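Take a look at the structure set out below.
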Amino acid sequence: MEKAFCPRLSLFSAKKGERAAEINRILKLLYPHAECALNFRGDPFRLLVMARLSAQCTDQRVNEVSEKLFVLFPDVYAFAEADLSRLEEAVRPCGLFRTKAHQIREMSRVLLSEHGGKVPAEKDALLKLPGVGEKIANLMMGDVFGDPQIVADTHCIRLAARFRLTDSQNPRIVTRDLEKIIPKEDQSDFCHRIILLGREYCKAQRPLCDRCPLKKRPTE
């Protein structure tokens, strides 16, 4: 667990639930139009592929790679029929390219064989797809199907620990901890907003604490 807790914690309630509510309120003011950083253009299948590519890769890189990727393989049928070596080469810049290419192709084949080529709207069905874990399933549920969920990505896990909203770095445990203290309707947006805060200010290396907007405690 990251040992350097947020130096602004003294500004907030010592009670975890109240602290989470205040941080959530401020994040809403700072980032009122929170949205997924992956440019999936409203296409559920595109988001599913991009989310798998994002493992250990930046969203910016995934967005860049996906521009060419979806020209080469424009739909679920193209991915399902893809030559594996060609697909591997296309996703190589995202890292772990062999595993990702194989799982994306298999995922596409399962979508065709079991779901008519459509991304299922049920979390249990999503979790049965090759390469899809809880983080991706929760992202899909919140950003595509209107069922907000906690998406415990690297930034979310790191900042939740810094704000002492969790005592773990295990994604599953962090997800459960945040589900208890973040209102259901805010969960997806809270994660998008905390990611933005992590990228702009609360960086893993050399956080910009002197410029952190939490210091000013913005009000409506």
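Among the listed residues VAL119, VAL174, VAL132, which satisfies the condition of being aliphatic (A, V, I, L, M), free of Cβ contacts under 8 Å to residues at least 40 places away in the same chain and surrounded by 17 or more Cβ atoms within 10 Å (Cβ to Cβ)?
Values: VAL119 fails: free of Cβ contacts under 8 Å to residues at least 40 places away in the same chain; VAL132 fails: free of Cβ contacts under 8 Å to residues at least 40 places away in the same chain.
Result: VAL174 is the single residue among VAL119, VAL174, VAL132 that is aliphatic (A, V, I, L, M), free of Cβ contacts under 8 Å to residues at least 40 places away in the same chain and surrounded by 17 or more Cβ atoms within 10 Å (Cβ to Cβ).
Please determine, by comparing only the residues of segment 1-25 that are crowded, with 17+ Cβ neighbours inside 10 Å and within 20 Å of the chain's Cα centre (by Cα), which one is nearest to LYS118 (Cα to Cα).
It comes out as ASN24.
In this structure, is ALA20 assigned by TED's automatic domain parsing to the domain that holds PHE163, within 27 Å of LYS184 (Cβ to Cβ), touching a Leu at 6+ places or on another chain (Cβ under 8 Å) and part of a helix (DSSP H, G or I)? Steps first, please.
Numbers: assigned by TED's automatic domain parsing to the domain that holds PHE163: yes; within 27 Å of LYS184 (Cβ to Cβ): yes; touching a Leu at 6+ places or on another chain (Cβ under 8 Å): yes; part of a helix (DSSP H, G or I): yes.
So ALA20 passes the test.
Looking at segment 178-196, which of the residues that are surrounded by fewer than 21 Cβ atoms within 10 Å (Cβ to Cβ) and more than 13 Å from the chain's Cα centre (by Cα) is nearest to THR154 (Cα to Cα)?
This residue is GLU179.
Mind checking which residues of segment 67-80 are surrounded by 13 or more Cβ atoms within 10 Å (Cβ to Cβ) and without any contact (Cβ under 8 Å) to a residue 12 or more places away in the chain?
ALA78
I'd like the full set of residues that are surrounded by fewer than 16 Cβ atoms within 10 Å (Cβ to Cβ) and closer than 16 Å to GLY198 by Cβ, limited to segment 26-55.
GLU35
The values are calculated or read from the model by the stated rules, or taken from the named source; none is laboratory data. All of these numbers come straight from a predicted model, not from anything done at the bench. We place every Cβ from the backbone using ideal geometry, glycine too, and count neighbours over all the protein chains shown.
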